[in-house]
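Working notes, beginning with the structure itself.
No lab work stands behind these numbers, since they all come straight from the coordinates. Predicted model only: the values in this text are computed from it and were never measured. Virtual Cβ from ideal backbone geometry, glycine too; neighbours counted across all protein chains shown.
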Amino acid sequence: MSGWALRTEGLVKTFTLHLQGGARLPVLYGVDLSVASGECVALAGPSGAGKSTLMRCLYGNYGAEGGRILIRHRGETVDLTAADARLVREVRRETLGHVSQFLRVIPRVPSLDIVAEPLVARGMAPDAARAEARALLSRLNMPPALHALPPATFSGGEQQRVNLARGFAPGYPVLLLDEPTASLDAANRDVAVALIREAKAAGAAVVGIFHDTDVRDRVADRLFTVEPRPEASRSAA
Amino acid sequence: MSDAPILEASGLHLRFGSVAALDEVALRVWPGEVVAILGESGSGKTSLLRVLSGTVAPDAGEVFYRDAAGVLVPVHVAGEAALRRLARTEWGFVHQNPRDGLRLGVSAGGNVGERLMAVGARHYGGIRAAAAEWLRRVEIDPARMDDLPRDFSGGMQQRLQIARTLVTRPRLVFMDEPTGGLDVSVQARLLDLIRALVADLGLAVLLVTHDIAVARLLAHRLVVMRRGRVVEHGLTDRVLDDPQHEYTQLLVSSVLAA
């Protein structure tokens with residue numbers, strides 16, 4: 001398949017816990033995942049299998065121990081496991097978006113600016129970026145009075161909507177979604193589903209963890225099962 | 001991505017008697033990048049900042065600064081006059097103690113305005129207007145312009161120091177524990193202010209801190225130091241969320257959750 005936007009080859013991730021006597025915790029071994037533009041792949045597998053670890057590796061948040069993570073960036077192929085920090089930042093700014101389960105709140109910054117920030121970082125004029133942010137927050141049923149407030153005091157569902165708006169506003173070619181609808185009510189779940197479908201229609205490659213099977217079935221084209229490492233290989237490692 | 005580093009150091013060594021303050025340290029900073037040097041007291045992080053900014057000469061190694069004209073300046077060979085010129089124009093310093101960076105007997109407006117005069121501004125009205133604008137940007141009421149900073153609170157003094165430093169639009173700013181001595185609520189406000197200004201102005205910043213939360217909020221990239229050596233470096237969230245070195249794992253696991 002030549003149309004991939006994101007793929008892993010033999011991805012290996014083991015945690016070494018130096019404070020626990022150097023215990024080694026193998027999580028991913030030989031993961032080969034390939035995601036095409038316009039496709040949504042849902043990660044499957046039991047709790048603890050390593051779905052979130054894989055997601056964090058794909059974003060460069062966890063360092064891979066072996067294998068490669070390839071992404072199409074500016075028309076070229078970049079190996080995220082070998083890219084230096086500056087190149088990873090550039091890839092994140094332009095190509096690779098991430099909606100995490102929880103918003104890492106920045107004190108004192110209004111929700112509107114949190115959503116507009118990645119747009120400004122990509123070169124959009126601040127006023128235009130704020131206008132887009134406002135439209136997207138409104139679509140996610142965030143009343144205008146909340147736009148000017150920092151999300152620190154918001155409910156989980158409100159924070160998640162700020163998070164979604166921030167992740168979807170730039171239109172990244174590759175989008176990672178970690179439980180994007182976990183704390184949303186039905187109406188906002190529908191908005192999130194629509195946003196994911198629109199991103200796919202615009203050509204985004206989407207990888208997601210969806211515990212809500214209804215949402216998963218509405219957006220995912222296929223499942224990719226992350227196999228838990230058997231205990232035997234754990235002790236052998 | 002093709003642009004050259006603004007600061008580049010390699011092979012740095014520095015000893016204080018039998019103690020290695022810097023042991024084979026190399027570091028590069030690119031324009032627009034915030035790099036935090038993280039470590040505990042005695043790790044060598046402040047020594048590194050002093051060597052990089054030309055304040056202390058290393059026993060071995062080189063530091064190069066690429067100036068606005070693209071000329072590579074060897075920081076420890078360039079001479080005092082060249083360093084003074086850089087400190088006045090292209091570099092800025094934010095000290096932990098605002099009293100080290102301010103003139104307490106000069107008005108708040110004067111503290112900001114004299115930096116502009118040092119780089120050639122002469123129009124009194126223009127200087128006063130720029131000073132008022134910068135006081136506003138750091139959230140100090142311009143009505144306090146003629147007051148002396150010795151009567152300001154610690155947080156206000158620190159914000160004034162930042163205005164004084166940034167008014168000349170330096171290209172590279174050295175910060176040593178800029179929120180060090182402040183109350184937590186004052187810290188949050190200051191961090192947010194620094195974060196916004198650095199992004200707006202596209203500054204390169206070298207920040208020394210022992211505070212992981214400060215590093216996470218401000219820095220794009222982290223350099224973790226211990227006993228004079230760099231034990232780990234990389235993207236801030238990668239280093240803090242998936243620390244590889246034993247010492248970084250200890251640092252990250254020792255943070256008290258709020």
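Quick look at the values:
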| item | result |
| --- | --- |
| Label point distance in nm, A:ALA135-B:ALA68, each placed 7 Å from Cα along Cα→Cβ | 3.9 nm |
| Charge dipole magnitude, Cβ of K and R +1, D and E -1 - region B:137-242, Cα centre, debye nearest 20 | 420 debye |
| For B:GLY44, distant residues with modelled amide H under 5 Å away | B:GLY228 |
| Ordering of A:39-49, A:5-15 by packing [mean C-beta count within 10 Å, highest first] | A:5-15, A:39-49 |
| Contact order relative to length of chain B, as percent, for alpha carbon pairs under 8 angstrom and 6 or more apart | 26 percent |
| Sites B:ASN97 and B:SER185, calculated FRET efficiency, Cβ-Cβ separation with R0 25 Å, nearest 0.05 | 0.80 |
| Additional length obtainable on full extension of the chain from A:LEU149 to A:LEU19, 0.36 nm per residue less Cα span | 42.8 nm |
| Relative contact order (percent, whole number), chain A, Cα cutoff 8 Å, 6+ residue spacing | 29 percent |
| Inter-chain shielding of B:237-244 (mean C-beta neighbours from other protein chains, 10 Å cut-off) | 5 |
| For B:GLY234, distant residues with modelled amide H under 5 Å away | B:LEU222 |
| Sites B:HIS76 and B:ARG229 - FRET efficiency at Förster radius 25 Å, r taken between beta-carbons, to 0.05 | 0.75 |
| In sequence order, calculated HN-Hα J values of region B:172-177 (Karplus, 6.51, -1.76, 1.60; Hz; x Gly/Pro) | 9, 10, 9, 10, 10, 6 |
| Exposure proxy ranking, count of Cβ atoms within 10 Å, fewest first, for B:TRP91, A:TRP4 | A:TRP4, B:TRP91 |
| Relative contact order (percent, whole number), region B:104-169, Cα cutoff 8 Å, 6+ residue spacing | 48 percent |
| Trypsin sites (Lys or Arg not before Pro) within region B:108-187: DSSP coil, no more than 16 neighbouring Cβ in 10 Å | B:ARG122 |
| Dipole magnitude (debye, nearest 20) for chain A, charges at Cβ of Lys, Arg, Asp, Glu | 340 debye |
| Linear extension gain, B:ALA129 paired with B:ALA143, 0.36 nm per residue minus alpha-carbon span | 3.8 nm |
| Spin-label model distance (nm) - A:GLN101 vs B:VAL255, 7 Å beyond Cα toward Cβ | 1.8 nm |
| Of the chymotrypsin sites (Phe, Trp or Tyr not before Pro) in region A:98-171, those whose Cβ has at most 13 other Cβ within 10 Å and which sit in DSSP loop | A:PHE102 |
| Phi to ³J(HN,Hα) by Karplus 6.51 cos²θ - 1.76 cosθ + 1.60 over region B:153-168, Hz, x for Gly, Pro | 5, x, x, 5, 4, 5, 5, 5, 4, 5, 4, 4, 6, 8, 4, 8 |
| Relative exposure of B:HIS233, B:HIS123, B:HIS245, judged by other C-beta atoms within 10 Å (fewest first) | B:HIS123, B:HIS245, B:HIS233 |
| Calculated FRET value between B:SER10 and A:ASP79, using beta carbons and R₀ = 22 Å, to 0.05 | 0.30 |
| Likely footprinting exposure, B:ARG189, A:ARG74, B:ARG221, fewest C-beta neighbours within 10 Å first | A:ARG74, B:ARG189, B:ARG221 |
